[in-house]
1. Using Cα pairs under 8 angstrom and six or more residues apart, how large is the relative contact order of the stretch 101-230, in percent?
2. Counting only C-alpha contacts under 8 Å and six or more residues apart, can you give the relative contact order of the chain as a whole percent?
3. With +1 on each Lys and Arg Cβ and -1 on each Asp and Glu Cβ, how big is the dipole of the chain about its Cα centre, in debye rounded to the nearest 20?
4. Hey, if you put +1 on the Cβ of every Lys and Arg and -1 on every Asp and Glu Cβ in the chain, which of A231, W176, P382 ends up farthest toward the positive end of that dipole?
5. How large is ³J(HN,Hα) for each residue in the stretch 410-427, as worked out from phi by the Karplus curve 6.51 cos²θ - 1.76 cosθ + 1.60 (θ = phi - 60°), to whole Hz, x for Gly and Pro?
6. Test of the criteria: in the stretch 440-537, which GluC sites (Glu not before Pro) are in a DSSP loop and have at most 16 other Cβ atoms within 10 angstrom of their Cβ?
7. Output wanted: per-residue J couplings in Hz (rounded whole) for the stretch 304-320, from phi through Karplus 6.51 cos²θ - 1.76 cosθ + 1.60, θ = phi - 60°, x for Gly and Pro.
8. Which of rounded, prolate, oblate describes the stretch 126-225, given a ≥ b ≥ c as roots of the alpha-carbon gyration tensor eigenvalues and a/c under 1.5 marking rounded, otherwise prolate only if a/b is larger than b/c?
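The values are calculated or read from the model by the stated rules, or taken from the named source; none is laboratory data. Please read all numbers here as calculations on a predicted model, not as lab measurements. Heads up, the Cβs are rebuilt from the backbone with ideal geometry, glycines too, and the neighbour counts pull from every protein chain shown. Quick note on the areas: whole protein, heavy atoms, side chains included, nothing else; ligands and nucleic acids left out. Shrake-Rupley method; radii C 1.70, N 1.55, O 1.52, S 1.80 Å.
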Amino acid sequence: MTEMRAGTAAGEAEVLWRPDPDRVAGSRMAAFRSWLSTDKGLGFADYESLRAWSTSDLEGFWGAVAEFFDVTFHDAPSRVLEAPVMPGASWFPGATLNYAEHALKGPDEALAVVFHREDGVSSELTRGELRARVAAVRAGFASLGVGVGDRVVALVPNSPEALVAFLAAASLGATWSSCSPDFGARAVVDRFAQVEPTVLVAVDGYRYNGRAFDVRPTVERLRSEIPSLRATVLVDYVGGGTLPGVVAWDSLLAEHAGAPLEFTPVPFAHPLWVLYSSGTTGLPKGIVQGHGGIVVEHLKMLALHSDLGPGDRFFWFTTTGWMMWNFLVSGLLVGSTVVLFDGSPAHPDLDVLWDLAERDRVTYFGTSAPYIQSCLKEGLEPAARHDLSALRAVGSTGAPLTPEGFRWVASAIGPDVQIASVSGGTDLCTAFVAAAPDLPVWLGELSCRALGAAVESYSEAGEPVVDEVGELVITAPMPSMPVFFWGDEDGSKLHDAYFSTFDGVWRHGDWIRITPRGSAVIYGRSDSTLNRGGVRMGTSEFYRVVEGVPGIADSLVIDTSGAGRTNGELLCFLVLEEGADLAEVEPVLRRDLRVNLSPRHVPDRFVAVDEVPRTLNGKKCEVPVKKILAGTPPERAVSRDALRNPASLDPFLTMARDEHHQPAP
Ligand SMILES: CC(=O)CC(=O)O
């Protein structure tokens with residue numbers, strides 16, 4: 001991976017933003033440090049020494065997080081960490097708590113939620129109103145048979161209904177799982193069917209980019225293909241009409257209005273939600289995270305790293321199908337108002353989110369790196385056209401933010417705004433390379449590895465390296481690591497996903513360079529996941545659609561973003577059947593992928609090839625081809641002897657040579 005090396009000597013990097021000393025002094029990070037010093041006798045000279053302690057004394061650090069943020073345990077833990085091994089670490093054994101209880105604390109009159117839909121529909125909920133709705137839906141779910149450990153799945157946009165349903169499920173100790181309604185029906189069935197839900201919550205339709213979409217056919221398909229469902233609750237979201245035999249969301253609320261709000265205490269590792277991430281074979285993996293792990297991890301990230309608390313307005317552009325939704329709603333844990341938006345970020349134009357930032361006095365504005373790139377391309381100047389005086393941080397994730405993207409934020413949003421380029425993922429439902437209120441922002445870099453995150457860059461030999469691109473690994477357990485994968489009784493899938501490369505060390509699947517300053521640069525996925533605007537899709541799901549189209553004999557999909565390119569493409573290589581014509585099948589493929597997967601997963605280019613490179617046991621060579629397209633010498637990307645059809649690599653080598661201007665061998 002050394003050819004991706006983009007080293008910058010210490011001291012050379014340009015500082016784009018420096019923390020204001022007054023702001024640092026007033027930050028939650030400073031309060032935590034001063035508490036550690038006065039109450040625990042632990043003084044740290046700087047952020048890096050605090051971080052070093054946080055990753056070596058795991059019990060001390062995570063115990064301090066729980067104590068400092070006053071986590072409410074119904075049963076106290078016997079200790080902080082038993083068996084500090086991966087996989088298998090046991091956090092806060094014996095403790096019981098409930099995520100929803102933490103999320104719903106705070107004064108009745110404090111604003112909890114602000115919501116906007118692209119067609120202008122908007123609403124607000126105070127904490128008191130949110131609690132009342134959660135209590136009613138909790139009682140409604142219970143009346144439909146939902147109890148501890150049952151699953152509630154939801155096909156809902158980023159809306160107050162989604163938030164209320166999630167908190168109601170969590171309050172009961174039921175496990176939540178959501179998909180965005182723009183996911184294709186097959187992708188939703190593949191996710192929801194495997195968790196065998198008791199209740200489905202769904203909207204009748206949604207709007208995107210000025211158009212209305214009917215979700216009811218997908219709802220019908222889910223109802224017919226998921227036999228475990230006992231009830232479907234339908235939200236009249238766009239006035240699209242009802243379905244036979246469903247419970248109306250509004251009736252559920254009305255019928256149970258005034259129900260008491262209670263929280264079922266559950267063990268620390270009790271499943272809070274199932275997120276999905278998929279690989280090259282089989283169904284998407286159901287990643288399960290626990291109540292306690294998410295509470296302490298999100299308190300740490302949102303309060304200490306993002307400096308969010310009461311009075312803040314926290315916005316992240318996301319759908320319910322991306323873990324950033326789960327991260328966003330955790331803004332409630334730290335007492336902030338969460339700002340929800342449902343719609344296209346480009347309808348009627350890219351200014352729509354900056355309008356929202358101005359109107360709602362957003363203090364922390366999070367988005368995806370591709371959105372920032374689009375604003376940059378359009379030459380948008382939000383600060384010149386909007387009053388963004390409330391804004392103090394812009395968060396970016398989903399893909400590496402380019403140096404030009406950093407510069408655009410600094411100039412078009414303003415030099416006083418912190419650029420929080422962060423990276424982590426679904427697997428831990430957090431960012432573990434991030435920003436901190438007391439650290440500068442260097443051009444093109446993520447400011448730090450997060451507290452409690454023993455992130456390293458490993459060479460191929462499994463040695464930590466500095467200022468070299470290597471595999472992103474985590475060498476010590478973190479509380480929000482998956483408690484298990486759904487249906488993976490013996491833990492073998494979880495082991496294969498993270499621990500099969502380096503024994504006892506989490507291999508994340510990203511390329512990272514850690515600078516001598518402690519900052520980092522992420523180079524994207526080192527595996528084959530298709531990450532489009534933050535929505536990850538496994539290649540297997542992609543192939544199921546593509547290879548179902550008449551005329552397609554075989555296919556290979558490569559997401560070149562994160563393969564050493566800043567603006568990657570989604571490339572689909574096709575082996576056509578005899579007599580098939582690319583020009584004829586391409587429109588069919590585009591339509592089927594849009595409808596069955598998502599609009600984001602329609603490739604930028606389709607390229608016809610003679611054969612897909614395969615290993616001896618028939619696996620498609622996705623990662624080797626991705627590495628070759630990134631400029632890795634072929635002999636380092638793959639052993640030809642391990643291929644069933646070595647000559648099939650040739651078109652990819654030619655393409656890489658052309659794109660990287662390499663001489664032919
Ligand atoms: C925090 C993240 O890492 C988000 C993502 O890219 O999925």
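1. Computed over the stretch 101-230, the figure is 23 percent.
2. 14
3. Charge dipole of the chain: 360 debye, to the nearest 20.
4. Selected residue: A231.
5. 4, 8, 8, 9, x, x, 8, 8, 6, 9, 9, 7, 10, 8, x, x, 4, 4
6. Listed in order of number, the matching sites are E460, E489.
7. Those phi angles translate into 7, 7, 9, 6, 9, x, x, x, 7, 10, 9, 10, 9, 6, 7, 10, 6 Hz.
8. Verdict is oblate for the stretch 126-225.
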